[in-house]
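A short worksheet on the structure shown next.
Bear in mind these aren't lab numbers, they're just calculated from the coordinates by the rules spelled out. Model, not experiment: these values are computed from the prediction. When we count neighbours, we look across all protein chains shown, and the Cβ atoms used for this are built from the backbone with ideal geometry, even at glycine.
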Amino acid sequence: MNRFDYEFPVRIHFGQGCFEDSLRKELQRYGKTVMLAYGGGSLKRTGLYDHIVKILKEAGKTIVDFGGIMPNPTYAKVLEGARLARESQVDFILAVGGGSVSDCCKIVSAQARLDSDIWDYEYAEHKIPTDFIPLGVIVTASGTGSEQNNGAVITNEEKKMKSPLWGCFADFAILDPDLTKTVPMKQVISGAFDTLSHCMETYFGNPHRSNLSDEINEAVQRSVIQNMKAIIANPADDHARSELMWASAMGENGLLKLGKQTDFQCHMLEHQLGAYTDCNHGQGLAVLHPTLYRHIYKSAEEKFDRWAQEVWLIDHAKDGIDFLADFIYDCGLPTKLSEIGITLDDTTRRAIAESTIITPGCCKQLTADELELILRECE
Ligand code: NZQ
Ligand code: ZN
């Protein structure tokens, strides 16, 4: 294991039915003016918006409404939120939604307290913000584990980049599986596959020698696969829904990453695919993963062999990747970009390949040419 320092600052409230009670208790800790941030419409459709407004009013809060955060949140939306938070002198941000709402708010929280433009502050000046408006997250769609960390993935439409930015850690996160029951099954599965991807992207980073983080990781991967099958067979399976929600948190709360250098090459490629096509994150990963792994597994064959044995109960790396591909197909996830309506012309394919960040933790350092080939094979 590599050397590490670990600190986890997020208070977690987890469990079926925990939402209202946990929120009421948490609100006592924060100031009067609360920014209520949410996505494109599901919150109002499900009635959760009215429920939360009632709780906020009963707690004596003044509400600043910030809705319309889109999937794959844009930098323009971050700036809009930060402006509103400043103008309204917001004391606390309550983000209610999936990864997109949580990501957007982690950066709004930082940008609202920063005089410079956060994109330049992080990418040009190489600085990380330290002053934040406190944030709480109510998770309504699990999978990304975004509420567990201080990273956010933001699409800068001008620069054609979907890139990580560093914002605040949430003070608290409420994970009540009941709140995810209205998520369309397609998104449940796409989110759960994202969790599996986070585990794999952590597992295949260095060191490859057997270690406790990776052994826990194998257990989380087996659990995700089993519970994805269970929830597809029976969407009313509350146990499977809860397990998937906690696995989502486990994927990104840092525990699996202790002592590891992570890989995340597939994520970097998917993010740039998203920058050019706005594709759904979990679906994009589902298409890319098997093809990308067929390109890299020989560079870490022993580790891929172990993964095949421990996660897929089959002997060899190549068979493990085939099992992963079959699982993706059986879950109804896309296996080709054309299935999600994406066709890439030569210029766009090349631009995606050239703008993809090459991660130091991937067992094979891919070139733009190889990334272009991977994209072509996925079409
Ligand atoms: O926008 P609304 O109308 O609310 O609908 C959303 C959205 O269309 C809907 N939804 C959410 N909760 C619902 C619901 N529909 C019905 N009932 C509910 N209870 O679900 C749709 C997808 O939501 P979104 O938040 O976009 O999905 P997800 O949670 O998969 O987040 C994806 C974003 O997170 C980033 C991705 O790149 C992408 O931008 N990621 C963030 C990570 C992080 N910060 O750690 C890690 C990930 O690797 C990922 O990159
Ligand atoms: Zn992801």
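Hydrodynamic estimate: the Kirkwood radius of the chain over Cα pairs, inserted into Stokes-Einstein at 4 °C and 1.567 mPa s, corresponds to D of 61 µm²/s. Applying a DSSP loop filter and a limit of 15 other Cβ atoms within 10 Å to the chymotrypsin sites (Phe, Trp or Tyr not before Pro) in region 1-101 leaves F4, Y6. Whole-Hz Karplus values for region 245-252 come out as 5, 6, 4, 4, 5, 4, x, 10 Hz, taken residue by residue from phi with 6.51 cos²θ - 1.76 cosθ + 1.60 and θ = phi - 60°; glycine and proline positions read x. Let me check I've understood the local charge: for P177, count other residues with C-beta under 11 angstrom from its C-beta, Lys and Arg +1, Asp and Glu -1. What total comes out? Its environment carries a net charge of -3. Dipole magnitude for region 229-379: computed about the Cα centre from +1 point charges on Lys and Arg Cβ and -1 point charges on Asp and Glu Cβ, it is near 300 debye. Across region 363-370, rounded Karplus estimates of 3J(HN,Hα) from the backbone phi angles (6.51 cos²θ - 1.76 cosθ + 1.60, θ = phi - 60°) give 5, 10, 7, 7, 9, 4, 4, 6 Hz, Gly and Pro being marked x.
Simple point charges give the picture: +1 on the Cβ of Lys and Arg, -1 on the Cβ of Asp and Glu, and for the chain a dipole about the Cα centre of about 780 debye. A cut-off of 5 Å between modelled amide H atoms, ignoring neighbours fewer than 5 places along the same chain, links F14 with L175. Taking label points 7 Å from Cα along the Cα-to-Cβ direction, D115 and M70 give a separation of 3.2 nm. Listed values for region 128-138 are Karplus-derived 3J(HN,Hα) couplings in whole Hz (6.51 cos²θ - 1.76 cosθ + 1.60, θ = phi - 60°), namely 10, x, 10, 10, 9, 7, x, 10, x, 10, 9, and x replaces Gly and Pro.
Farthest towards the positive end of the charge dipole of the chain, among the residues A240, I374, A286, is the Cα of A240, using unit charges on the Cβ of Lys, Arg, Asp and Glu. Each principal axis of region 1-149 carries a Cα extent, and these read 43, 43, 28 Å when sorted largest first. Past 21 Å, Cα to Cα, is the threshold; run K303/K364; K257/K364; K186/K298; K25/K77; K44/K77; K260/K303 against it and keep the listed order. Result: K186/K298; K25/K77 exceed 21 Å.
Length available on full extension from S338 to I216: 0.36 nm per residue minus the Cα-Cα distance, which gives 40.4 nm.
Between G39 and G68, I69, the built amide H atoms are under 5 Å apart, and every one of these is 5 or more places off in sequence or on another chain. Structural descriptor for region 184-377: relative contact order 26 percent, calculated from alpha carbon pairs under 8 angstrom and at least 6 residues apart. Straight-distance candidates among the aspartates and glutamates for linking to K159, with alpha-carbon spacing under 13 Å and chain neighbours fewer than 8 residues away dropped: D120.
Roughly how big is region 203-274's charge dipole about its Cα centre, with Cβ charges of +1 (Lys, Arg) and -1 (Asp, Glu), in debye to the nearest 20?
The calculated dipole for region 203-274 is roughly 120 debye.
When the charge dipole of the chain is built from unit charges on Cβ atoms (+1 for Lys and Arg, -1 for Asp and Glu) and taken about the Cα centre, the candidate among Q265, Q221, S338 whose Cα reaches farthest toward its positive end is Q221. Counting 0.36 nm for each residue step from D345 to R86 and taking away their Cα separation leaves a gain of 89.0 nm. Highest mobility in the GNM of the chain, judged by mean-square fluctuation with C-alpha springs under 10 Å and restricted to L255, L212, L165, is found for L212. What is the list of residues in region 70-104 whose amide nitrogen lies under 20 Å from a point 7 angstrom out from the Cα of E125, following Cα to Cβ? 75-76, 78-87, by backbone N distance to the label point. Here's the picture: charge each Lys and Arg Cβ at +1 and each Asp and Glu Cβ at -1 in the chain, and of P184, G40, N253 the one pushed furthest to the positive end of that dipole is G40. Each of T182 and I358 was given a label point 7 Å from its Cα along the Cα-to-Cβ line. The distance between the two points is 4.7 nm.
Of interest is the spacing of the C-alpha centroids, which for region 69-134 and region 305-379 amounts to 32 Å.
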